[in-house]
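Read through the structure below, which is laid out as structure tokens, and then see the notes.
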Amino acid sequence: MKTLIKIKPKTYAAGDIVKIDFMAMHPMETGMRKDKDTGALIPANYIDEVKFMFNDTLITKMVIWESLSVNPLMSISFKVPGAGTLKVIAKDNKGQSVESTTPITPKG
Amino acid sequence: MERRSFLKSFGAVAACAVALPHVASAAEEKKSGGPNEMNFETAVAAITGGKALTPSAKVKMEAPEIAENGAVVPVKVTVDSPMSGKDYVKAIHVLASKNGNVRCANIYLTPANGEAFFGTRIKLGGTQDVVAIAEMSDGTFLIAKQNVKVTIGGCG
């Protein structure tokens, strides 16, 4: 599972509220779609939990379902307390899990 | 009239909340298997535990009025809150009222967010209301919704 974390805007100071965009490359299968060749149902496969941590403290926990679009985007706000590491842990309903990190480096 | 029928339907939701908690947990167990199914009333009851939902301008939802492609519908929810230790938004729930499984996302926030915001892109099977429920730290629930007309459904 490939992931992408974007902090918007790119430059920010401590105390600023920034947006964190998290995107994961995932099919987000609903379990209702049929294979076009065989006609068999494609089993549900979707990200069901995403955790955002800053310096190992939980900021936001998400419980999500298959209704999110393919390659889902999740965006939250975050008030930058200072420098540190942002970690996002995403897990799907089949137990596949991915951990991605990005440094938080406020300027000024 | 619209507001009245809206409140009435949520009154009904409150009534079944007590009777149906096992339905919610049964649906939860199904999660790992085939398609999940949950209707709007059951999902709301599972979120609020039967408490009242108050329509509020504090909950702002941005979604298109007409979505050409139901597979990718951008939704943004912002809740007006100081996000302080005493007064903050505990959770934002996004529901698609007529999808097979109406639940899209439950976002559990903390004061560290600084602002109660959640943005995503969802699939809609057809024209329906997209609903945002904000769970406040004082235990109240605020709700906002927007109807999205879908030209091509996103669940196929």
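A few comments on the model shown:
- Between B:N39 and A:D21, the simple label model (points 7 Å from Cα in the Cβ direction) yields a spacing of 3.9 nm.
- Solvent exposure of the protein assembly as shown as accessible area per residue, Å², 1.4 Å probe: 48 Å²
- A Stokes-Einstein calculation at 37 °C with viscosity 0.692 mPa s, built on the Kirkwood radius of segment B:28-156 over Cα pairs, returns a diffusion coefficient of 219 µm²/s.
- Histogram of C-alpha separations across segment A:25-66, 5 Å bin width, %: 6, 20, 18, 16, 13, 9, 7, 5, 4, 1
- Efficiency of FRET from Cβ geometry, A:I42 and B:T140, R₀ 45 Å, rounded to 0.05: 0.65
- Rg and Dmax of chain A, Cα atoms only, in Å: 16.3, 59
- Note on the protein assembly as shown: the alpha carbon radius of gyration divided by the globular reference 2.2 N^0.38 Å gives 1.00.
- Highest mean packing comes first when the peptides B:56-68, B:104-116 are listed by Cβ atoms within 10 Å, giving B:104-116, B:56-68.
- Among the listed pairs A:K10/A:K79; B:K123/B:K145; A:K107/B:K90; B:K58/B:K145; B:K98/B:K149; A:K51/A:K79, those beyond 18 Å (Cα-Cα): A:K107/B:K90
- CD proxy at 222 nm, helix term only [per DSSP H run n ≥ 4: -39500 (n - 2.57); per residue of the protein assembly as shown; nearest 500]: -4500 deg cm²/dmol
The values are calculated or read from the model by the stated rules, or taken from the named source; none is laboratory data. Keep in mind it's a predicted model, so treat the numbers as computed, not measured. Here Cβ is always computed from backbone atoms with ideal geometry, including for glycine, and neighbour counts include all displayed protein chains. Keep in mind that these areas ignore ligands, DNA and RNA; they rest on the heavy atoms of the full protein, side chains included. Shrake-Rupley method; radii C 1.70, N 1.55, O 1.52, S 1.80 Å.
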